[in-house]
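Submitted below is the structure of interest, expressed as structure tokens.
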Amino acid sequence: MHIDLEDLRFEHGGALLVKRALRLAAVGETVTVAGRHPDLTVYLRAWCRTEGHKLRQVDDSGTGYAGIVRGPAADQRWCTAERAGRADPRVIGAVSDRPSQRWGLAGRGALVEAGSPEFHFALDRKMEIWSGDAARMYAQAAAAQWDPATAVPWEAAFDLPVEVEDAIVQVMTYLIENETAALVVPSRFIAQMHPHFREVMQLLAVQAADEARHIEVFTRRALLKRKELGLSTAGGQASLQTLVDEPNFAIAAFLLSVLGEGTFLNLLWFLERFAPDPVTAAVCRLAAQDEARHVAFGMSHLREHLEASPSLAGTLMNAVRQRHESLRHTAGLNTEVFDALVLLAAGSWDCADIGRGHDAVSTLVREMHSGRKRRLLKLRFSDADAEEMSALHTRNFM
Amino acid sequence: MNQNPLLLGAVAYDPKVVTIWDGFQNYFDKCGLEFDYVLYTNYERQVEALAAGHIHVAWNSPLAWLQSERIAGKLGRRAEAICMRDTDRDLVSVIVTREGGPVRSVNDLKGRRVAVGAKDSPQATLIPLYHLAQCGLEPKRDFEVLLFDRLVGKHGDHIGGERDAVRALVRGDCDGACLIDSNLLLFAQEGTLPAGSVRTLATTPEYDHCNFTVMESRMSSSVELFRKLLLGMSYEDPDVRRLLDLEGPKRWLPGRTQGYHLLSRAVDHFGYLDEFTAAVAARCT
């Protein structure tokens, strides 16, 4: 093989042409290089030495000319490389049951050089993480992102009675700390997840971004007419702490997404329905749409995990019982939030309205229970177990 | 800890030297060779340590090889170069000038200023200055030498002297600069030398660079194993490749000494080694 660099300097792009020619040559084969630049052979000699090629037939007189015998180093570097699964998850065997820790941060499907450093991703078993729906759900989530600056009618004119505004501020304060838990929990697991499970990692990242927006809009609604937030109770935080401290991905996903966010769906739609102003209605509606996706993913990957490992059902049941036991002596939902929900549903301090408001909140709690039970039945828990687990779910809702 | 491991001396010209030799220690340990290393701040101290028997093997610069060889000769012993990198063979140095500048040929350097590296650098000072002398231009007599004396004692292993020399050339502080061909390529790749800013006036004959030196009447079994393990290293092995990439070669080759004649003539020409080799030989007698 022969290439002519003409007037191109070796160090000014000529190296690319030489490398290309050598890639096409076999080890031991000679590629002859010619060029008109007087320093060509000076650079070629140095380059061949560092790359492990042999330089022969050097002619330094005027027009540069040299033969390069291709060395084996490049082939040696890649002959023990390993392909990290396949990029398309639909290809059979594309997603490894337990990817090598040495595949590290490489994209799934990349050719990974042997000797890459070993990472320590604790979540590295497909069975515990993967959902066949993850790619579709991620695409859906990415397409459904909304801009807090424009999606909410922040400039809408309204003026609520002082105590109704107080109730909104209190509910928003409660929502903020719950959404913070929902941001922290998946974020913690993203950092532990093997990047081989790219679609799940991306989905959880979007989930965390969703929660960041929820925190923003709930905070902004609370401060729309006030300078400070409302009350945060010890009981509420104790309930959320059990989620944040949960080290097991499946249990955390079950408690947070299936039971917690599932319950929150009812709450957010309730708030949207009884919202006394358009801003509250909008932020609750937008958050509920996102939360529905989070619940769907939790259900999807847990259904697959439970099918692969039926004993997980007992683990999840025990987790619900343990959480209930650890929260037995806490207050559950704070009375300020409960009272605020009643007032918002009532719409006034009129006795009859307050009675109807109380009925609405009682209905909400029943709907939350039936919603949880329905999801548990979908995960193939028995009717009795689903009834018990739903009943034991935290009174703090999340 | 084994009390009698094979002890290698190396010069700490860069912090990565620790990473390199820790890696080799780990590799040799897996291969059954008890190995340890000592770092020196300069080659002269290492050469004397080898002559005095404080270390078994020295990872020597070409100048340190000549020092060891001549001291061994004065002591009636024999120095042997047992192994070297593939990248240690057939190097050349170049004398470059600014493209478009007043210098068109080596002879045009007469009466001008030429930048070099550290005074003990074979590749950036001793060999190219000797080459210019062979071309009829005696340093200091026929042209001024602008010395970038970075880290004397490290025999030019530190790249800083050569980088300073070419920067001086680009700035116009001198009309010629001396450096090894691989650094010319590196400086072009990293942008220290903008494309087309310099051109080569002269290229020296080929010479060899570092080697592992022993100074014994015969190789001990541990030195033989050390050499065998080096020569057996394959770039295919990812653990080995990591070490080779740090040190530069694609493979190790048997040592050879015919590539040091040029440097030997250069140091004789400049009378560079006599005082040091005589003093060490006297102390080791």
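The values are calculated or read from the model by the stated rules, or taken from the named source; none is laboratory data. These figures come from a predicted structure and were not determined experimentally. A quick note on method: Cβ atoms are made from the backbone with ideal geometry, for glycine too, and the neighbour counts reach across all protein chains shown.
Of all the residues that make up the range B:80-127, how many are away from chain A (no Cβ under 14 Å), touching a residue at least 40 places away in the same chain (Cβ under 8 Å) and over 17 Å from B:THR203 (Cα atoms)?
Qualifying residue count, the range B:80-127: 10.
(1) within 24 Å of A:GLY14 (Cβ to Cβ); (2) of a type in the set (Gly, Ala, Ser); (3) at pLDDT below 95: which one isn't true of B:GLY160, the others all being true?
Result: B:GLY160 fails condition (1) only.
Another question about this same structure. Filter the range A:14-40 for residues that are in contact with a strand residue (DSSP E or B) (Cβ under 6 Å, 6 or more places away or on another chain) and not β-branched (Val, Ile, Thr); which is farthest from B:VAL198 (Cα to Cα)?
Top of the filtered list is A:ALA25.
Just wondering, is there one or more residues in the range A:70-84 that are out of contact with any Asp or Glu (no Cβ under 7 Å at 6 or more places or on another chain) and more than 22 Å from B:ARG242 (Cα to Cα)?
Among the residues of the range A:70-84, not one is out of contact with any Asp or Glu (no Cβ under 7 Å at 6 or more places or on another chain) and more than 22 Å from B:ARG242 (Cα to Cα), which makes the answer no.
Does A:ASP245 qualify as being without any contact (Cβ under 8 Å) to a residue 60 or more places away in the chain and either of a type in the set (Asp, Glu) or not assigned by TED's automatic domain parsing to the domain that holds A:LYS378 (or both)?
So A:ASP245 fits the description; yes.
Let me ask another. Show the residue pairs that are 6+ apart or on different chains and have beta-carbon atoms under 7 Å apart, the first residue being within the range B:243-256 and more than 12 Å from B:CYS210 (Cα to Cα), the second being at pLDDT below 95 and among the basic types (Lys, Arg).
Note: pairs meeting the criteria are B:LEU246/B:LYS16.
State all residues of the range B:250-285 that are in contact with a Leu (Cβ under 9 Å, 6 or more places away or on another chain) and within 20 Å of B:PRO122 (Cα to Cα); if no residue qualifies, say none.
B:GLY259, B:TYR260, B:LEU263, B:SER264, B:ALA266, B:VAL267, B:HIS269, B:PHE270, B:TYR272, B:LEU273, B:THR277
Quick one: is B:CYS174 buried (at least 19 other Cβ atoms within 10 Å of the Cβ), in a loop (DSSP other than H, G, I, E, B), at pLDDT 95 or above and of a type outside the set (Val, Ile, Thr)?
The answer is yes for B:CYS174.
Give the residue that is nearest to B:LEU244 (Cα to Cα), with candidates limited to residues of the range A:104-117 that are surrounded by 15 or more Cβ atoms within 10 Å (Cβ to Cβ) and within 14 Å of another protein chain (Cβ to nearest Cβ).
A:GLY115
Kindly evaluate B:ASN26 against the criterion of being surrounded by 14 or more Cβ atoms within 10 Å (Cβ to Cβ) and assigned by TED's automatic domain parsing to the domain that holds B:LEU231.
no
Considering B:LEU229, B:LEU243, B:LEU262, B:LEU201, which residue is touching a strand residue (DSSP E or B) at 6+ places or on another chain (Cβ under 6 Å) and in a helix (DSSP H, G or I)?
Residue meeting the stated conditions: B:LEU262.
Hey, among B:ARG227, B:ARG256, B:ARG241, which residue is within 18 Å of the chain's Cα centre (by Cα) and in the same structural domain as B:ARG45 (by TED's automatic domain parsing)?
Sole residue among the options that is within 18 Å of the chain's Cα centre (by Cα) and in the same structural domain as B:ARG45 (by TED's automatic domain parsing): B:ARG256.
I'd like the full set of residues that are touching a helix residue (DSSP H, G or I) at 6+ places or on another chain (Cβ under 6 Å) and either within 13 Å of another protein chain (Cβ to nearest Cβ) or exposed (fewer than 13 other Cβ atoms within 10 Å of the Cβ) (or both), limited to the range A:67-91.
A:ARG70
Moving on to the next point. If a residue must be touching a residue at least 40 places away in the same chain (Cβ under 8 Å) and of a type in the set (Ser, Thr, Tyr), how many such residues does the range B:134-193 contain?
Result for the range B:134-193: 1.
Does at least one position in the range B:207-221 carry a residue that is in contact with a Ser or Thr (Cβ under 7 Å, 6 or more places away or on another chain), within 13 Å of chain A (Cβ to nearest Cβ) and closer than 26 Å to B:LEU263 by Cα?
The answer is no, given that none of the residues of the range B:207-221 is in contact with a Ser or Thr (Cβ under 7 Å, 6 or more places away or on another chain), within 13 Å of chain A (Cβ to nearest Cβ) and closer than 26 Å to B:LEU263 by Cα.
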